[in-house]
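Since the structure comes first, as structure tokens, the remarks are kept for the end.
The values are calculated or read from the model by the stated rules, or taken from the named source; none is laboratory data. As the structure is a prediction and not an experimental result, all values here were calculated from the model. Neighbour counts run over all protein chains shown; Cβ positions are idealised from the backbone, glycine included. Surface areas here come from the heavy atoms of the whole protein model, side chains and all, with no ligands, DNA or RNA. Shrake-Rupley method; radii C 1.70, N 1.55, O 1.52, S 1.80 Å.
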Amino acid sequence: MNHRYKQNQNKPLITNSFIAKKRLGQNFLIDTEIQNRIVSSCDLHENDIVLEIGPGQGALTEKIARQVKSVIAVEKDRTLAKELQEKYHGSNIKVLCADFLKYSFDELEGDIKVIGNLPYNVATPIIERLLENRSLFTFVYITVQLEHAQRMVAKPASKSYGSLSCFVQFYSNTNILFKIGSQAFWPVPKVQSCFMKLEILKDARYRVENEALLFSIIKNAFSQRRKTIVNSLAGLVGKINIIDLLEKLNISPKLRAENITLKEYVAITNKLAQERVN
Ligand code: SAM
């Protein structure tokens, strides 16, 4: 369902008759206190270049731009992008009308801070894309669904721990900075939100022989959460004696996916890569 916006006391709208598009995850942040709290949590400096994902009606854009050298804001909605382009013409804010999932990073050079109140329906592919291009980014500050953030920061033996936790924590230090109630947005979303920080690691957390193998082992293990690690690995590695391999690493073959640390997944991957070569 789309929502027609009413003029709001908190924030004058750039287009009074604008209709929010659910398919673009348009829940605009209308609470000015939260807007300010987000911007002041981003540790911005005058020489920073910020890439903003989904500026929407510019709730954060101008506040960010006041504190940094320049902002590149990527907005998929043509109407909103056009409004912002006109509004910010000649300023240090460059608004591009593009799908962030297809936007080429060619014009960017390293040490960029990313800020975004993400469209929740594509938050995971956006985060994956950022981490795949991590050499360009230092910090990623995002508003996401609380449950999604809890999966990113989760530690082993918790309900939320899964392949997303391993992937994100392999490349970054993750922190939930604060929760945001649903009333801070319009239209009001059905879910709780939070603001979180990913500090991108210059080198991945652990040295691994074969990253693709690491993530296929992890995905495979979590897609069959009830199976023991020995059974979930069996389908992947052919003739190698897995019990023997796990025992050499001091990992019990009876453990399930959620009880294995990222460091242990890395050790399994490196041992497997070694055994395949020998
Ligand atoms: N930053 C604004 C705010 O805080 O009020 C808007 C946030 S709203 C949750 C998400 C924004 O992302 C919307 O403006 C939406 O049009 C835009 N968007 C959705 N999908 C996108 C995509 N694939 N690429 C770029 N922008 C997208």
- Could you run the Karplus curve 6.51 cos²θ - 1.76 cosθ + 1.60 with θ = phi - 60° over the stretch 153-169 and give me ³J(HN,Hα) per residue in whole Hz, x for Gly and Pro? 8, 5, 9, x, 6, 10, 4, 7, 5, x, 5, 5, 4, 5, 4, 5, 6
- Summarise the accessible area of the stretch 18-97 (1.4 Å probe, protein heavy atoms) by the percent that is carbon and sulfur. 45 percent
- Message: Could you compute the net charge surrounding S165? Neighbours are other residues with a C-beta less than 9 Å from the C-beta of S165; K and R count +1, D and E count -1.
- Response: +2
- Message: Leaving out ligands, DNA and RNA, and with a 1.4 Å probe, what % of the accessible surface on the stretch 118-192 is carbon or sulfur?
- Response: 50 percent
- What is the calculated FRET efficiency for S91 to E132, with r their C-beta to C-beta distance and R₀ = 25 Å, to the nearest 0.05? 0.25
- Task: Treating the Cα atoms of the stretch 3-200 as identical point scatterers in vacuum, please give the log10 of the normalised Debye intensity I(q)/I(0) at q = 0.12, 0.19 Å⁻¹, two decimals.
- Result: -0.56, -1.50
- Task: Report ³J(HN,Hα) in whole Hz for each residue of the stretch 60-66, in order, from the Karplus equation J = 6.51 cos²θ - 1.76 cosθ + 1.60 where θ = phi - 60°; Gly and Pro get x.
- Result: 10, 3, 5, 5, 5, 4, 5
- Message: Sorting check: for 139-149, 175-185, which peptide has the highest mean count of neighbouring beta carbons within 10 Å, and how do the rest follow?
- Response: 139-149, 175-185
- Under 14 Å from K271, Cα to Cα: aspartates and glutamates that are on another chain or at least 8 residues apart: E209, E211, D244, E247
- Please go through the residue pairs K219/K254; K63/K87; K22/K63; K113/K197; K21/K76; K159/K227 and name each one whose alpha carbons sit more than 22 Å apart in this structure. K22/K63
- Query: What is the gain in length, in nm to one decimal, between S216 and K254 on full extension, counting 0.36 nm per residue of separation less the C-alpha to C-alpha distance?
  - Reply: 11.7 nm
- Taking H as built 1.01 Å from N, whose amide H comes closer than 5 Å to the amide H of I115, not counting residues under 5 places away? L51, E52, I53, Y141
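Leaving ligands, DNA and RNA out of it, rank R134, R256, R23 by accessible area with a 1.4 Å probe, largest first.
Final ranking, largest accessible area leading: R23, R256, R134.
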- How large is the accessible surface per residue of the stretch 66-190, computed with a 1.4 Å probe and reported in Å² as a whole number? 47 Å²
- Task: Considering the options L213, L255, Q224, tell which one lies farthest towards the positive end of the dipole of the stretch 211-277, charges being +1 on Lys and Arg and -1 on Asp and Glu at the Cβ, about the Cα centre.
- Result: Q224
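Give me the 1.4 Å probe accessible area per residue for the stretch 211-277, excluding ligands and nucleic acids, in Å².
Working: 3610 Å² over 67 residues.
Counting only protein heavy atoms, the per-residue value for the stretch 211-277 is 54 Å².
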- To the nearest Å, what is the center-to-center distance of the stretch 178-218 and the stretch 241-278, using C-alpha atoms only? 26 Å
- Note on the structure: Extension length gain for T261 and A234 (0.36 nm per residue less Cα distance), in nm, is 7.8 nm
